[in-house]
Every structure is written in C-alpha cells, then in structure tokens.
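The values are calculated or read from the model by the stated rules, or taken from the named source; none is laboratory data. Not measured: the values here are computed from a predicted model. Cβ coordinates were reconstructed from backbone atoms using ideal geometry, including for glycine residues, and neighbour counts include every protein chain displayed. In case anyone asks, the SASA skips ligands and DNA or RNA and just uses the protein heavy atoms, side chains included. Shrake-Rupley method; radii C 1.70, N 1.55, O 1.52, S 1.80 Å.
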Amino acid sequence: MIVVRSSRGGVLKVDGFRIRVVERLALPSIWARLKAIRGAGWNTFLLRADDVFLDMLTDSGVNAMSDRQLAAMITAQDAYAGGRSYYELVDAVREVFGMDYVLPVHQGRAAEHLLAKVFVRPGMVVITNYHFTTSKAHVELAGGEMIEIPVPQALDTTSDYPFKGDMDVSRLEELISSMRGRVAYVRLEAVANLLGGQPVSMKNIRLVRELCDKFNVPLVLDASMIDWNAYFIKEREPGYASKSLAEIVREMAGYADIIYMSARKAPAVRGGLIATNKREYYEKLVVLLPVYEGFPSYGGMSVKELAAMAVGLKEMVDESLVGSELELIRYVVEELDKRRVPVVRPPGGLGVHLDAARFLEHLPRNLYPAASLTGALYLASGVRAMERGTMSMDRARDGREVYADLELVRIAFPRRTYTRSHAEYLVDRILWLYENRDAVKGLKWVYEPPVLRFFLGRLEDIGGWGEELARRYERDLGEY
Ligand code: F0G
C-alpha cells in the first residue's frame, strides 16, 4: 500500500497498483447453487470453478501476477540444467532472505516431504507453533509426530492478542529438554494458517531461536506467507513501524536454519523452494531432489515458474504491492464483528475466518459445523470458502474422530484479486446467513477417504436442509 496522510486526519492506505487484465464473473442462481453443492458432496473442493461466483477457496495458485512476472515468464531461458532463470531465483533468494543455498521444488508440500525424509525418523517429533495439514501429514508419514504449542490466546477466537501465531516458549523449553535427541526440528509457520491467518512476532522468533541454539535443534521457518507476517510486525510490533518490509523479512529469515515456502502463495502462482545457509543441510537435501522433484536447477517446475518466482520474491517485499487484501480482510472482519457475527479476531492474513462453533452453536461437533457453514455460505452467496475444522483433521489410528481446536470457515482473499464491492457483497450475504443459521442442520459422510479426507470426501445435508435454506433465500432475496 502507498500510505499517505489523510486531509481529515489519520492515514490513507492506497493500492500501489492498477488492474489491467480482468476476468468476467457469473453469479449462479440459488437453485443452480443448491444443485452444484449437492453434486459436490457439500465439499467446496469438489465444486466446478464455473459454478462459483467469488472463488475464495484459497490464495494458492490464484493470486494476480504482475506485468513484470508475466514478462519474465516469456523471457525465461529453457534449459534442463544451469539455466539463467535458476540463477535469477538464487540471486532473489540471496537478496530477500540472505540465504545462499537454494533448492527449487514443485510446491510447498514437496519441501515438507524432503525435510521429513532428511530429518524425521520413527519416534521423533517436530515441535511447531501450529500444524498445517500437509506439514503434519509428511511428518507422520515419516513415522514422526507433530506437537503443537501455540500461545493459549490463539485458541480463543475472541481474543485480540496481536500475535496469535506465537509459540509458547516456556512449553518449548520443557519439551525440548525432556525429549533430547528426539526433536527433529522446531517449525515456525509465519502467519499460522489454521489459527486463522495469525502472525508470529519477531520477539517470539528470537526467543525460539535462542532455545534452538541452547539445545542445538534446527529451526525451520515456513515462509509461505512471510510477506503478510512482515506487514503485521510493521503494523503491530513496537520498534518496527519505520522498518521496511524487506528489512523485516530479512531479519525473520536470519533467525532460521532453513526456510521453505509454497511459492503458490506470495511469490508466484506455482512452485516452492527450500533455502539455507548451512552446507551440511543443503548436501543432505540436494541429493533427494533428482529422485523426487527434478534436477536441482529446476526442481520439477518449468523455467517459467522459476522466472516468475524470482521476480515475485522481490515483489513480495515491495511496499506498494503488499497489503491490499489485508485491508479488505480487516474491513470484512470489522463489519461482521460490529454486528456480533462470530469471526476470528484480530483481522489476520490469508482471509476472513468465521468461527463456525459459535456461528452454528446449535450443531454438535460430530455434525461438522465448519463444513456445514462452508456449504451454507456457498449456497447463500456463491462464494467458495474452505472448511478448516474437524473435517480437515483425519481420524486417529483407532478410527476415533479428532475434533479440531477451532471450527473455522476460511474465506481466503487472494492477493490483488477482489475489490471492495466483493467485500461488501460478502458481508451482506454472511449477515443474511447468520439470521437464518437455524436452518443449517449438519452433514454426514457419504464417502470418507483415509488420509487428508477434506480434499476428496463427500457428505450430505442431514434431512435435506439445503432445500429449506434455498427456499428462504429466494423468499427474502430472489433467485440471485
Ligand atoms: N505451508 C503453508 C503455511 C501453507 O499454507 C501451504 C499451503 C503449504 C505449506 C503447502 O504448500 O500447497 O504449495 O504444497 N496452503 C494452501 C492453502 C494449500 O490453501 O492454505 P503447497
């Protein structure tokens, strides 16, 4: 954002870009929406994008790219080995993160796979501020366990604690000292995705670093959303208001032994990478690249992606380009909160997160309130959000249901993609849904996959409540 003084006091934050390519959207009717969500087994992952009005499933792979990124994709050098675009990526990583060894991988979970292969052995643990679905799956598939130690405020959706992504450092010290030799690494996720897009403070990163030094355990930083985290540090953490995003990102990365990221988020729309300054880690990881990803100078991506990432990494710390979507998220959260709609506070990164456990207070956890609300939101608006609650957890090995700490509906704001009018529409439809929440009755499985069940699982609306909600919608608002 370009930040200037307002003539009426305070500041004005103005988007530091303009939009030159647009995509036409179509709003399906309420009855078309009912048919689509039922056809998708009430799982928004299984909707066709053509049946969606505002696609807010994720920011992954759908951010708006810049003119410079598109230009770089055209001039990328086609080469299996040693291509110029690879060296441009290495230079960008050095400049932005201050790390010398760079391993391109095809996306974030590929980085998680390789890290788990190198560091995790059966019986070992990874301690984290909070898990992400794929990061946890890879640690478990390697025979390890992920232990989460968020600060207690993180699980209270009404708390305004500014850094709910922080790790509980006293628990960290207890855990590392009681598990000596069994801690594969400590993992910090900068903007904790499943806690509602909440940032980690620099102070916390520094304290975690000190403990990792004390016990000689590597610190791995998931930097997939580091741009948003840096924006919040600048805004909320004492001592950082006058620092640039570039300085903040560099300082954050400087505390880590290894960083990895999904480049499908901030820096590009595809790809991923691992970076480190430690030659021994690089050497252990790089030998796995040709086995699982591709030759180390392309890592399973086309050179176009490498080129877009190289430019995107630098743009990720360009003040003019960062923050537009965060201001929209803040607007929606505040509008909903004013009207007492349960939403995660304070406004974070990634998206608006509805608290389905409070929104649908009448639904027990085994009827999947977050999945029900995600489906109901699509029905009431054509907005595709993502379930981030119990459906996103897999069952325990003995088949028991594992209830998520938080039952969230994540309404993601891809970077530079949606506008203020979209945000206003979203608020309007969520308010209507809140008034009609008694019509939402819960879901039951029709097909439940054994791992990462939220991706491909299918459910049905118990007693066919979708029809009643659609009827009320048509009565109050018409067909659209
Ligand atoms: N780490 C974080 C914090 C993520 O948010 C993601 C993906 C990954 C790792 C995995 O990266 O998708 O490139 O393999 N997040 C997406 C989302 C999928 O919708 O939040 P990937």
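So what's the net charge close to Tyr161: Lys and Arg +1, Asp and Glu -1, counting the other residues with Cβ under 12 Å from its Cβ? Walk me through the numbers before you get to the answer.
Details: positive: Lys164, Arg236, Arg345; negative: Asp156, Asp160, Asp166.
Summing Lys and Arg as +1 and Asp and Glu as -1 gives 0.
Just to confirm the filter: which trypsin sites (Lys or Arg not before Pro) across the range 1-103 are DSSP coil and have at most 14 other Cβ within 10 angstrom of their Cβ? Don't skip to the answer; put the middle values down first.
Values: sites: Arg5, Arg8, Lys13, Arg18, Arg20, Arg24, Arg33, Lys35, Arg38, Arg48, Arg68, Arg84, Arg94; in loops: Arg8, Arg18, Arg20, Arg24, Arg48.
Sites meeting the loop and neighbour criteria: Arg8, Arg18, Arg20, Arg24, Arg48.
Mind checking the dipole of the range 67-315: about its Cα centre, +1 per Lys or Arg Cβ, -1 per Asp or Glu Cβ, Debye to the nearest 20? Write down the numbers at each step before the final one.
Values: 28 positive and 31 negative charges, 63 e Å.
So the dipole magnitude of the range 67-315 works out to roughly 300 debye.
Name the chymotrypsin sites (Phe, Trp or Tyr not before Pro) in the range 65-135 that are in a loop by DSSP and that have at most 13 other C-beta atoms within 10 Å, would you? Write out the running numbers ahead of the final one.
Working: sites: Tyr80, Tyr86, Tyr87, Phe97, Tyr101, Phe119, Tyr130, Phe132; in loops: Tyr80, Tyr130, Phe132.
Those satisfying the criteria are Tyr80.
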- Sorting Thr58, Thr417, Thr374 on solvent-accessible surface, 1.4 Å probe, most exposed first, gives Thr417, Thr58, Thr374
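Per DSSP H run of at least 4 residues, take -39500 (n - 2.57); add these up for the chain, divide by its residues and hand me the 222 nm value, nearest 500 deg cm²/dmol. Don't skip to the answer; put the middle values down first.
On the way: 18 runs with 189 residues, N = 480.
After summing the helix terms and dividing by the residues of the chain, the value is -11500 deg cm²/dmol.
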- Item | Calculated P(r) of the range 67-315 - Cα pairs past 31 Å, % | 20
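Using only alpha carbon pairs under 8 Å that are at least six residues apart, calculate the relative contact order of the range 1-81 and give it in whole percent.
Values: 42 pairs, mean separation 14.0, N = 81.
Contact order relative to length: 17 percent.
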- How much accessible surface does Tyr473 have with a 1.4 Å probe, in Å² rounded to 10? 0
- Expressed as an acute angle from 0 to 90° and rounded to the nearest 10, what is the orientation of the C-alpha long axis of helix 84-97 relative to the principal long axis of the chain? 80
- Query: Roughly to the nearest percent, how much of the accessible area of the chain is carbon and sulfur, given a 1.4 Å probe?
  - Reply: 50
- Query: Taking the Cα atoms only, what angle lies between the long axis of helix 465-477 and the longest principal axis of the chain, rounded to 10 degrees?
  - Reply: 70
- Could you pull out the longest piece of the chain with no exposed loop GluC sites (Glu not before Pro) in it, calling a site exposed if DSSP puts it outside H, G, I, E, B and it has at most 14 other Cβ atoms within 10 Å? 24-360
- Message: Could you tell me the center-to-center distance, by alpha carbons, between the range 251-310 and the range 321-365 in angstrom?
- Response: 32
- Query: Helix 202-215 sits at what angle to the longest principal axis of the chain, using alpha carbons and giving 0 to 90 degrees rounded to 10?
  - Reply: 50
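Please state the relative contact order of the chain as a whole percent: Cα pairs under 8 Å, 6+ residues apart? It would help to have the intermediate numbers written out before the result.
Numbers: 1019 pairs, mean separation 105.8, N = 480.
Relative contact order for the chain comes out at 22 percent.
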- Task: With only Lys, Arg, Asp and Glu charged, each at its Cβ (+1 for the first two, -1 for the last two), find how big the charge dipole of the chain is about the Cα centre; round to the nearest 20 debye.
- Result: 180
- Toward the positive end of the charge dipole of the chain, about the Cα centre and with charges on Cβ (Lys, Arg +1; Asp, Glu -1), which of Pro290, Leu207, Ala32 goes farthest? Ala32
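Around Leu360, with a cut-off of 14 angstrom between Cβ atoms, what is the net charge of the other residues, counting Lys and Arg +1 and Asp and Glu -1?
Working: positive: Arg358, Arg365, Arg437, Lys441; negative: Asp355, Glu361, Glu387, Glu407, Glu435, Asp438, Asp461.
Around Leu360, the surrounding residues sum to -3.
What shape does the range 384-428 have by the C-alpha gyration tensor, where a ≥ b ≥ c are the square roots of the eigenvalues, rounded means a/c under 1.5, and otherwise prolate means a/b greater than b/c and oblate the rest?
Details: a/c = 5.13, a/b = 3.20, b/c = 1.60.
Since a/c reaches 1.5 and a/b is larger than b/c, the shape of the range 384-428 is classed as prolate.
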- Query: How large is Rg over Rh for the chain, taking Rg from the Cα atoms and Rh as the Kirkwood inverse mean of 1/r across Cα pairs?
  - Reply: 0.96
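Could you list the trypsin sites (Lys or Arg not before Pro) in the range 283-341 that lie in coil according to DSSP, counting only those with at most 13 other Cβ atoms within 10 Å of their Cβ? Let's see the in-between values first.
Values: sites: Lys284, Lys304, Lys314, Arg330, Lys338, Arg339, Arg340; in loops: Arg339, Arg340.
Sites meeting the loop and neighbour criteria: Arg339, Arg340.
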- Accessible area expressed per residue, the range 67-315, with surrounding protein chains retained (probe 1.4 Å, Å²): 37
- Message: Taking the Cα centroid of the range 81-139 and of the range 1-27, what is the distance between the two, rounded to the nearest whole Å?
- Response: 33
- Task: Could you state how much accessible area Leu188 has, in square angstrom rounded to the nearest 10, with a 1.4 Å probe and all protein chains kept in place?
- Result: 0
- Query: Taking the alpha-carbon centroid of each part, what is the distance from the range 408-480 to the range 156-226 in angstrom?
  - Reply: 33
- Translational D (Stokes-Einstein, µm²/s) of the range 17-109 at 37 °C and 0.692 mPa s when Rh comes from the Kirkwood sum over C-alpha pairs? 190
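With only alpha-carbon atoms in the gyration tensor, what are the semi-axes of the equivalent ellipsoid for the range 204-354, in Å, largest first? Please list the in-between numbers first.
Details: eigenvalues 187, 85, 43 Å².
Working from the Cα gyration tensor, I get semi-axes of 31, 21, 15 Å.
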- Task: Work from the charge dipole of the chain (Cβ charges, +1 for Lys and Arg, -1 for Asp and Glu, about the Cα centre) and give the residue of Pro218, Val125, Leu373 farthest towards its positive end.
- Result: Leu373
